[in-house]
Structures are given as C-alpha cells and as structure tokens.
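Undergrad: What follows is a structure written as structure tokens; I'll ask about it next.
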Amino acid sequence: MAEGVRVASSGSAVAAPATAPLLGVRGLQAWYGESHILHGVDFDVGEGEVVTLLGRNGAGKTTTLKSIMGVVPRREGSVIFEGAETIRLASNRIARLGIAWCPEERGIFASLDVEENLMLPPRVREGGLTVAQIYELFPNLRERRRSQGTKLSGGEQQMLAIGRILRTGARLLLLDEPTEGLAPVIVQQIGRTIVKLREQGFTILLVEQNFHFAATVADRHYVMEHGRVVDMIPNAELDAAMPKLHRYLGV
Amino acid sequence: MQALFGQLLVGLINGAFYAMLSLGLAVIFGLLNIINFTHGALYMLGAFCAWYILQSVHIGDFQLGYWSSLIIAPLVVGAFGVLIERTMLKRLYKLDHLYGLLLTFGLALVIQGVFRNEFGSSGLPYDIPPLLAGGFNLGFMFLPLYRGWVVVASLVVCLATWYVIERTKLGSYLRAGTENPALVQAFGINVPLMVTLTFAFGAALAALAGVMAAPIYQVSPMMGADIIIVVFAVVVIGGMGSIMGAIVTGFGLGIVEGLTKYFYPEASTTVIFVIMVIVLMIKPAGLFGKEH
C-alpha cells in the first residue's frame, strides 16, 4: 500500500503533493450558530488516494466533511476541488462537481424502498457504477430491493448508503464513520469494498474512530484536534508513529 | 330514497373539494413545514379567476370560459404561489411552525379583505358550462351532469397526484425531501426550487378546486374562509403525513356529512368536528398519520 503514498514524509501537517491535489482545503472555518467548530483546517487529498481524518470526538472531523459538502450553516476559507473554488457554492452545486457524501447517520429514507434509495442521487458524471455492479458489491441489497429502506439491518443500511453514491459518477467520496456500530464481519466487508473502490480509481476521504480499521485501507492519515489538522502520518510510518497517535487519540 | 341519494351526491361533491384542498395542504406541510392558511384564499382566487375570464377575457371574438379557466386559473394562482413562497415563506423555514401559520393566516385575511372590499360579500353567479348542463335520470335519482363531472375529475386529479408522488422518480425526490431536505440537496438536487414548485403546485390545485366549485357554490370572497375550516379538520382527522389518507378522508368525510344531513340534519355542520375530537383522543396522529 506504500506505493500509493504520494506525499513525502516531511512531518509537516500540510504537505502538498507534487501535482495539484484533487481536493485542497485551506483555512477552513465553520460555525453552528454561535459555536465556532473549525478554526482553520488545512489538508490535501490527491487523486486516487484513500485519506483518513482521525481524532477524538468533537475534534471537527464530521464538520470538516459537512463543510466540504456545503451543508453547514456558515463556513469560510477555501475548498478547491479539481482546481475550482467551491466555498461559495450551495451543496447541490458541489455535488454536481463530482463530490458525494455518505453521512454518519447514513440518511436512509424511510418513505423510499431500497431500490428507490439507491436510485435517488442523480448521476452527475459519466463513469459511475451500474446498479448491477453495486448489487455485485453488496448482494444483500439485491435480495431486499423492495424492502422499506429503514427496515434493513444497520450493516445493510450502511451498504445502501455507500452503494447509492457509487452510481452517481462522483470521483471523491466522503465517508463518515462507515464502520460505526457494525459487527466485525460487516466491518471487514466494508474494508474490502473501500480497497476495491480505491483500485477502481475512486478518491476517498474517510472519517474514522477505529484507526486499526483505518490502517488497513488508507494511504495517509490526518490527525485533527480542536477544529484543526495537527499532524499527517503516512500509513507506512504508522507503526513508528504509534506512541504519538495514542497521545493524540487519548487511547 | 331520492333525498338520501341526493344528500349522498352533495356529500361526494363536498368530499371532492375537501380531498383536493387537503391534498395540497398535506403536500405543502410535508415539504415546507408550513401550515398554509392561505389555502382557502387561493381556492377563492381560482374561482374569481374563472369568473373574471368568463366576464372579460376574449381572444378576438372568442369568449374564453370554463374550460380554459381550468388551465389558466391554476397557472395564474400557481404563479402567485411562487411569489408568496419566494418573497415571504422562504424567510420562515428555519423558524417554528407558528410563524408560517401566522404569516399565511394574515395573508389570507388581507386577500379576502381586498376582494370583499371590491366585490362585496354577496356571491357572484357563475353558470354551468353549456356542455355540462342538464343531467341524467338514473332511475333512483337525478344526476346533474356537472356534479358527476366534478366528482370524476377531482378523483382523477387526486389519484394522478398520488401516483406521481408515490410511484415516480420525481415523487421520490419529494418524499425524500420531506424527510431530509439537506441530504437530498447534497445529492445534487435543487431543493429550494423543488420547495417553490411544490408550493406552486399546492396553490394550483386549490385554484383548480375553486374553478370547479364556481358553478356549484357562488363565487364569493369568503367562500375559501368557509371551507378551509372544515378542510383543516379533514387534514387533522386523516393525518398530515399521508397523501392517500388526505384523499380517502376528504371523500369519506364528505359522504359522512351528506348522510348526516339525511339522517340527523341538526348535526350536519358539526359532525366532522365531533369526529375530529374523537380521532384526536384515540389516535392523535390521525387515521393515516405516522406516530413519531
């Protein structure tokens, strides 16, 4: 997996890839009402990389994904996707550029059946997976395609939440804790899926609490604390960085 | 026997209007979270549009009438709905339900006040279109052709609306948007536009009901205020969340009202509210509503 690492291990929190990154986040700030959640987040994600955001609860990982997607009430700074500034765009415009979001709470619609949930996000580009390919990836969904979306098990709902954004043709996937609360066998299946998606050229920004899981799928890890990115650890150096990481995560 | 079927037909007619109006209210409440008190005024505007078209709109020597009103009035009132949503309602979505209710209630009073000032409170006559004048003798009762048309047309409109919302892709956006608009927008759907068009659709549906009502009831500034109170009771009984619930409850309660007129006329104006009280005590979310 080390060959996928594009960033020299400079030790700096923000190490720019050699070429322009697919996603460049600079000085990103976000607020919910009066509370100031992000205080200037900086990081890059290169094309084809799987990158994680690690950090304790409340460090701002989920808010970072939401801010990239444009679903927070107020944000400032810069989010550049494929060379275009997106900080002023509404979330539907950002989605149309080719960014797709799988929220932490999964967001499966109760009034839609499984197939309607799967077909809901519109295609924004060529090159998305076909429905047959998604069913191949998650065979459970095919069997249950006429069930009400929220009647699925937690694991199946997570597969549906990931599956439906693969159809759209988006090249950057924002996955918010896809393994949270799931049985180990399902976590493994989702891990294999992420590796497969990476092989197919998807770029993935992953929020994870479980860094043992993160280590099996990612190229690089950014560590967040108090609404900022404080460190970057290439996956190859994870073992060496373990004491530091334990301190960051407080485990 | 004649009288019973006569009252049943009156009940079906009222039910047709209850169904079309409560359907629009339910769709608007679902997506916009606003209890639209202007709905009665929009219904009245539809009837006045039809009246105005019949009085004074010509194309050359051709006098436009009822049939063109069925298209034009919903378009005009739908456009008015766009104006209301874009300039006023849009600012209220993040606030409590109460603000939308107060704004639409005030707006309804203003619209009705302006029309009462202009046209007085007595009704204006609107003739049944010549094509639908007359009726059939069914043996057990006389069926005026226009009333039969209203029941069939409104049933078709209601079922078509149900089909679009529950069975099509467009409807899946609407259902999903009702649950989680932020996520639907993050998938690339222009949700603010969808909200505007939904309000316009509800307004157009109210106007269509108003045009269809014009030859039956008189066209008057307060016609909407009278019916909307009953329609709100219908929505409460049916439950806010359900499209089919609004249709079934609308027709059902119209029929119940008609039957009451035959069997116990004294209770005919209160029976719907009595049912509302009972339903609220037994099943507060309404007959078809989802408990949360």
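The values are calculated or read from the model by the stated rules, or taken from the named source; none is laboratory data. Quick caveat: nothing in here was measured; it's all calculated off a predicted structure. Methodologically, a virtual Cβ is constructed for each residue, glycine included, from the backbone with ideal geometry; neighbour enumeration extends over all protein chains shown. Accessible surface is based on the protein model in full, side chains and every heavy atom, while ligands, DNA and RNA are left aside. Shrake-Rupley method; radii C 1.70, N 1.55, O 1.52, S 1.80 Å.
Undergrad: If a paramagnetic tag sat 7 Å from the Cα of A:Tyr32 along the Cα-Cβ line, which residues of segment B:154-182 would have the backbone N under 20 Å from that point?
TA: B:179-182
Undergrad: What do you get for Rg/Rh over segment B:1-118 if you use C-alpha atoms and the Kirkwood form of Rh?
TA: Here the Rg-to-Rh quotient is 1.06.
Undergrad: Rounded to the nearest 100 Å², what is the sum over both chains of accessible area buried where B meets A, with a probe of 1.4 Å?
TA: Buried: approximately 1600 Å² between A and B.
Undergrad: If you don't mind, there's one more thing I want to ask. Please list, or write none, the lysines whose alpha carbon is within less than 26 Å of the alpha carbon of A:Lys61, excluding same-chain residues fewer than 8 places away.
TA: A:Lys61 reaches A:Lys196, A:Lys244, B:Lys94.
Undergrad: Quick query: amide H of A:Ile87 versus all other amide H atoms, modeled in the peptide plane; which residues come in under 5 Å with a sequence gap of 5 or more or a different chain?
TA: Distant-sequence amide H within range of A:Ile87: A:Val79.
Undergrad: Using the Cα centre as the reference, give the magnitude of the dipole from point charges on the C-beta atoms of segment A:28-73 (Lys, Arg: +1; Asp, Glu: -1; all else neutral), rounded to the nearest 20 debye.
TA: 260
Undergrad: Please state the charge dipole magnitude for segment B:2-282, taken about the Cα centre, from unit charges on C-beta atoms (+1 on K and R, -1 on D and E), reported in debye and rounded to the nearest 20.
TA: 480
Undergrad: Connecting C-alpha atoms closer than 10 Å in a GNM of chain B, tell me which of B:Leu132, B:Leu197, B:Leu208 has the biggest fluctuation.
TA: So, out of B:Leu132, B:Leu197, B:Leu208, the one fluctuating most is B:Leu132.
Undergrad: Let me ask another. Which one, B:Thr270, A:Val131, B:Ile53, projects farthest toward the positive side of the charge dipole computed for the protein assembly as shown from Cβ point charges (K/R +1, D/E -1)?
TA: B:Ile53
Undergrad: Using only Cα atoms, locate the centre of segment B:215-230 and the centre of segment A:43-65, then give the distance between them in Å, rounded to an integer.
TA: 58
Undergrad: Okay, next question. If you keep only loop residues by DSSP, which trypsin sites (Lys or Arg not before Pro) in segment A:35-70 have at most 11 other Cβ atoms within 10 Å of their Cβ?
TA: In loop regions of segment A:35-70 (DSSP not H, G, I, E or B), there are no sparsely surrounded trypsin sites (Lys or Arg not before Pro).
Undergrad: For segment A:94-239, with every protein chain kept in place, what is the accessible area per residue (1.4 Å probe, Å²)?
TA: Accessible area per residue, segment A:94-239: 37 Å².
Undergrad: Using the Karplus curve 6.51 cos²θ - 1.76 cosθ + 1.60 with θ = phi - 60°, what ³J(HN,Hα) values do you get for each residue of segment B:16-23, in whole Hz, with x for Gly and Pro?
TA: Karplus-based 3J(HN,Hα) across segment B:16-23 equals 4, 6, 4, 5, 5, 6, 6, 4 Hz.
Undergrad: Of the residues B:Thr87, B:Thr196, B:Thr161, which exhibits the maximal mean-square fluctuation in a Gaussian network model of chain B defined by a 10 Å Cα contact cut-off?
TA: Maximum fluctuation in the GNM of chain B, among the listed residues, is at B:Thr87.
Undergrad: Please list, or write none, the lysines whose alpha carbon is within less than 25 Å of the alpha carbon of A:Lys151, excluding same-chain residues fewer than 8 places away.
TA: Partners within reach: B:Lys169, B:Lys283, B:Lys290.
Undergrad: Can you give me the accessible area per residue for chain B, using a 1.4 Å probe, in Å²?
TA: 46
Undergrad: Same structure, new question: Say the dipole of the protein assembly as shown comes from +1 at the beta carbon of Lys and Arg and -1 at that of Asp and Glu; which of B:Thr249, B:Leu4, B:Gly238 then lies farthest toward its positive end?
TA: The listed residue farthest towards the positive side: B:Leu4.
Undergrad: Same structure, new question: Would you mind computing Rg(Cα) / (2.2 N^0.38 Å) for the protein assembly as shown, counting N as its residues?
TA: 1.20
Undergrad: When the Cα atoms of segment B:112-178 are enclosed in a convex hull and the volume is divided per residue, what value in Å³ results?
TA: So the per-residue Cα hull volume is 193 Å³.
Undergrad: May I ask you to evaluate 6.51 cos²θ - 1.76 cosθ + 1.60, the Karplus curve with θ = phi - 60°, for each residue of segment A:219-235 and list the ³J(HN,Hα) values in order in whole Hz, giving x for glycine and proline?
TA: Values per residue, Gly and Pro as x: 8, 9, 10, 9, 9, 10, 9, 6, x, 9, 8, 10, 7, 10, 10, x, 4 Hz.
Undergrad: Rank these residues by their accessible area, most exposed first, probe 1.4 Å: A:His36, A:His221.
TA: A:His36, A:His221
Undergrad: Roughly to the nearest percent, how much of the accessible area of chain B is carbon and sulfur, given a 1.4 Å probe?
TA: 71
Undergrad: Here is a follow-up. Give me, ordered by chain and number, the residues 5 or more places off A:Leu22 or on other chains with an amide H under 5 Å from its own placed amide H.
TA: A:Val45, A:Gly46, A:Glu47
Undergrad: Here is a follow-up. Each label point is 7 Å from the Cα along the Cα-to-Cβ direction; what then is the distance between the points at B:Trp67 and A:Arg146, in nm?
TA: Here the answer is 4.3 nm between the modelled labels.
Undergrad: Sticking with this structure for a sec: Between B:Met141 and A:Glu237, how many nm apart are label points set 7 Å from Cα along the C-beta direction?
TA: 8.5
Undergrad: Rounded to the nearest 20 debye, what is the charge dipole size of the protein assembly as shown about its Cα centre when +1 sits on each Lys and Arg Cβ and -1 on each Asp and Glu Cβ?
TA: Using only the charged Cβ atoms, the result is roughly 140 debye.
Undergrad: Along the Cα→Cβ direction, 7 angstrom out, place labels at B:Phe273 and A:His212. What is the inter-label distance in nm?
TA: 6.6
Undergrad: Which whole-Hz ³J(HN,Hα) couplings does segment A:177-184 yield from phi under the Karplus relation 6.51 cos²θ - 1.76 cosθ + 1.60, θ = phi - 60°, glycine and proline marked x?
TA: Whole-Hz 3J(HN,Hα) from phi for segment A:177-184: 6, x, 9, 4, x, 9, 5, x.
Undergrad: Okay, next question. Length gain on complete extension for the stretch A:Arg192 to A:Lys244, per 0.36 nm per residue less the alpha carbon to alpha carbon distance?
TA: 16.0 nm
Undergrad: Rounded to a whole number of µm²/s, how large is the Stokes-Einstein D of chain B at 37 °C and 0.692 mPa s, given Rh as the Kirkwood radius over C-alpha pairs?
TA: 167
Undergrad: Sticking with this structure for a sec: Which residues does a label at A:Val230 reach in segment A:42-63, if reach means a backbone N under 11 Å from a point 7 Å past the Cα toward the Cβ?
TA: Correct set: A:55-56, A:59.
Undergrad: Oh, and also: Could you tell me the center-to-center distance, by alpha carbons, between segment A:129-161 and segment A:197-241 in angstrom?
TA: Taking the Cα centre of each part, segment A:129-161 and segment A:197-241 sit 27 Å apart.
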